[in-house]
Amino acid sequence: MANSRTEIEDEIARHRRAIAELESKIEGSAPAPAAAPWPPPGFYLTFYVVVGTILGVLGSLASFLFNVFGSLMVNQDPYQILRVYGTVFLGQEALTTDNLNFFMLVAIVHFSVGAMAGAVFHVAINRYFPNATGVQQIGLGAAYGLLMWIVNFYLVLWWLEPALVGQAYVLELMPFWIAALTHVVYGVTLGVLQPLGQFSPYKVVEVEA
């Protein structure tokens, strides 16, 4: 029994020396980095970029559905908007093709542009107009949509599409008021969804014993 007790005490002593060596290494090493503060100080740019991207996709979906349902109401091809935008890639062939890969490509580009524009709008609104009312946000969204229409159609596509396929099919085939209204629907959707994209940091609730 005595030998067993002695062996146990020796084992305890070895563990204590090992712990002491580990503690000395911790004391000699660099201090552990401090935890990041929560909520993050200043403007939470990453949050607004990510959320704005999501809202931009939803805005693009709303404008796309607006065109689809509008086309169905007047007995036109519901995918006419994709065909017209697709002329940037295929030219006149886009107006008659039934290639599903082509429609998917145009849809991806459409939603990607909407996502990026949504991120820009969401960051700008929450950075420079954080106290805007709901009505003001919708108005700013509508104005942003019109600005996108002017820039996309008359500062980009009017020279880009002829350079790619030889003719500005989008400007010729899509009535200006439909193009403007489509972009307004996109912008208004962004404005309506703004309250859902506000950053509200959670708070740790302390429960009293």
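Observations, loosely collected:
- Residues of the stretch 26-55 that turn out to be at pLDDT 75 or above and either among the charged types (D, E, K, R) or more than 50 Å from the chain's Cα centre (by Cα) (or both), as a count: 0
- Restricting Gln167, Gln194 to those that are of a type outside the set (Gly, Ala, Ser) and more than 20 Å from Gly86 (Cβ to Cβ) reduces the list to Gln194.
- Residue that is surrounded by the most Cβ atoms within 10 Å (Cβ to Cβ) [pool: residues in the stretch 57-93 that are touching a residue at least 24 places away in the same chain (Cβ under 8 Å) and more than 24 Å from Gly145 (Cβ to Cβ)]: Leu90
- Highlighted here are the helices (runs of 4 or more DSSP H) found entirely within the stretch 1-113 that include at least 1 residues which are of a type in the set (A, V, I, L, M), out of contact with any Leu (no Cβ under 6 Å at 6 or more places or on another chain) and closer than 30 Å to Ala168 by Cα: 45-73, 80-90.
The values are calculated or read from the model by the stated rules, or taken from the named source; none is laboratory data. Just so it is clear, the model here is predicted, and its values are computed rather than measured. Virtual Cβ from ideal backbone geometry, glycine too; neighbours counted across all protein chains shown.
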